[in-house]
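Comments concern the structure below.
Each value in this text was obtained by applying a stated rule to the coordinates, not by laboratory testing. Computed from a prediction, not measured in an experiment: that's the story for all the values here. Cβ atoms come from the backbone with ideal geometry, glycine included; neighbour counts cover every protein chain shown.
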């Protein structure tokens, strides 16, 4: 079964006197890329949080936001004066540019992130264990969404590969008539320009056989079928982390389709090639979302 890289997960947990809200959003990406936003007092645990997210989510462009909800308990706080000063100048300039009353700047500054932080706040070992479980719960929720979307991706990819196989079967049916048309066309051109009595039929037959062998599509069709079978086998086998492998197989399918088109010299087969390319591009777009 496939798993998508796209999903959303959320977990809310009360740990001691703190209430945490953890939101995680994931989009497709070549590697694991994490944008992590969290309260300053969790900074000592940043490495562990990143490792936990990487382990549970494997790949994708991930945004994780950890918020500490108001608990109502009064605790000593510190004001980050340097940060407040850094905020002040651009806010004042904006206020003047918009001709707004600057008398409320202080109240605005105090509401900005990290300007006011609780003094000496941190997590105990027991609270950290509970927090880890909260992060895991959020990733589990996200992975449920990934599984649901993965089922839709799987069905669509099977449809695309099935459509390519149908066109490939049509190419196999057209192949014998294509060879006859090519042979008849060569003989006709030769008779028109040289004359029927001015060439050796046996030599002509040998040359035609050599030429047709050069543009024979049998090997391409065998390899194309094998690639499609392999793609479906990988698609349906258990486990995750198959997106890159499926992408590589589609590249091989594309090579065989392109070679078929280059050697076809037949309008009916070219139509099949165009339809196969269309299905292949749709499959490539979908595989970008596969974990």
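Taking the fewest neighbouring Cβ atoms within 10 Å as the starting point, the ordered list for 146, 13 is 13, 146. Among 285, 252, a tally of other beta-carbon atoms within 10 Å of each Cβ gives an order, fewest to most, of 285, 252.
One chain, two ends: residue 82 and residue 94. Fully extended at 0.36 nm per residue, the span grows by 2.4 nm beyond their Cα-Cα distance. Counting every other Cβ atom within 10 Å of each residue's Cβ, 276, 5 order from fewest to most as 5, 276.
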